Amino acid sequence: MQTSLPVREITAVDFPVIERLFGPNGACAGCWCMFWRMRASEWRLSGRNEDHRLGFKALLESSKVYAAMAFKSNEPVGWVTYGPRESFPRVENSRVLKRAAPLGTWSIVCFYIPRQWRGKGIANRLLDAAVGYCKAHGATEIEAFPVELKDPSHQKPATDIYTGVATQFVRIGFVPVPRPKNMRPIYVKKQ
């Protein structure tokens with residue numbers, strides 16, 4: 001497990017490092033960490049890769065992105081993004097994520113670990129750091145939308161678990177919110 005990896009919050013000056021981490025595909029299919037930052041209708045109409053890259057860069061330059069990266073010898077090896085719930089229109093407007101979240105709720109919405117770095121504990125390290133950063137920014141509750149693996153021995157594609165895995169969150173005190181069966185899981189940690 002990579003518990004000693006340095007993790008730090010990013011700023012606008014880190015955009016070239018983020019580009020290096022995300023690569024030409026913008027992390028995953030041209031997302032550029034915009035999926036949660038856009039309404040579903042905006043996402044469907046967007047031009048993807050370059051539009052998302054420019055949109056993300058603009059948000060980063062206006063200090064509207066909260067995220068952290070993990071590094072191994074100055075090489076970026078992982079990403080987590082989080083922020084006030086209201087900064088993620090996809091969360092706010094989703095029927096399957098709807099809930100009465102208290103004021104001060106922050107959401108941890110996405111991880112990106114390049115293939116060669118997966119399975120080394122980097123996501124756990126990023127999650128620990130993200131919780132600390134959310135607290136430092138004043139979060140009163142932190143929520144996440146991880147995948148609940150029914151059979152941990154069955155590997156899911158990384159594109160299916162970009163929100164994390166429930167066991168990661170339970171490990172540090174997140175608890176599931178009671179939900180109807182057809183609703184996506186939500187886990188919370190109160191501060």
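The values are calculated or read from the model by the stated rules, or taken from the named source; none is laboratory data. Computed from a predicted model, the values in this text were never measured in an experiment. When we count neighbours, we look across all protein chains shown, and the Cβ atoms used for this are built from the backbone with ideal geometry, even at glycine.
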Legend entry - Selection from the range 42-89 of residues that are of a type in the set (Gly, Ala, Ser) and over 24 Å from residue 7 (Cα atoms): 46, 47, 55
Legend entry - Output for the range 13-46, where each listed residue is assigned to a loop (DSSP other than H, G, I, E, B) and of a type in the set (Gly, Ala, Ser): 23, 26, 27, 29, 30, 46
Inset, instruction - Give the residues of the range 180-191 that are under 12 Å from residue 145 (Cα atoms), part of a loop (DSSP other than H, G, I, E, B) and not aliphatic (A, V, I, L, M), sorted by residue number. - result: 184, 185
Legend entry - Qualifying position, being free of Cβ contacts under 8 Å to residues at least 60 places away in the same chain, within 15 Å of the chain's Cα centre (by Cα) and either on the phi < 0 side of the Ramachandran plot or not in a helix (DSSP H, G or I) (or both), among 77, 91, 109: 91
Legend entry - Enumeration of residues in the range 128-142 that are surrounded by fewer than 23 Cβ atoms within 10 Å (Cβ to Cβ) and either touching a residue at least 40 places away in the same chain (Cβ under 8 Å) or touching a strand residue (DSSP E or B) at 6+ places or on another chain (Cβ under 8 Å) (or both): 128, 129, 133, 135, 137, 140, 141
Legend entry - Residue check for residue 122: at pLDDT 95 or above, touching a Leu at 6+ places or on another chain (Cβ under 7 Å) and closer than 20 Å to residue 40 by Cβ: no
Inset, instruction - Go through the range 1-12 and count every residue that is free of Cβ contacts under 8 Å to residues at least 24 places away in the same chain and part of a helix (DSSP H, G or I). - result: 0
Legend entry - Conditions (1) out of contact with any helix residue (DSSP H, G or I) (no Cβ under 7 Å at 6 or more places or on another chain); (2) polar (S, T, N, Q); (3) touching a residue at least 40 places away in the same chain (Cβ under 8 Å); number of the one not met by residue 124: (1)
Legend entry - Residue within the range 54-67 that is surrounded by 15 or more Cβ atoms within 10 Å (Cβ to Cβ), touching a residue at least 40 places away in the same chain (Cβ under 8 Å) and within 16 Å of residue 127 (Cβ to Cβ) present: yes
Inset, instruction - Name the residue, out of 95, 118, that is under 22 Å from residue 172 (Cα atoms), surrounded by fewer than 19 Cβ atoms within 10 Å (Cβ to Cβ) and not aromatic (Phe, Trp, Tyr). - result: 118
Inset, instruction - Scan the range 76-118 for residues that are farther than 22 Å from residue 11 by Cβ and among the β-branched types (Val, Ile, Thr) and jot them down. - result: 91, 96, 105
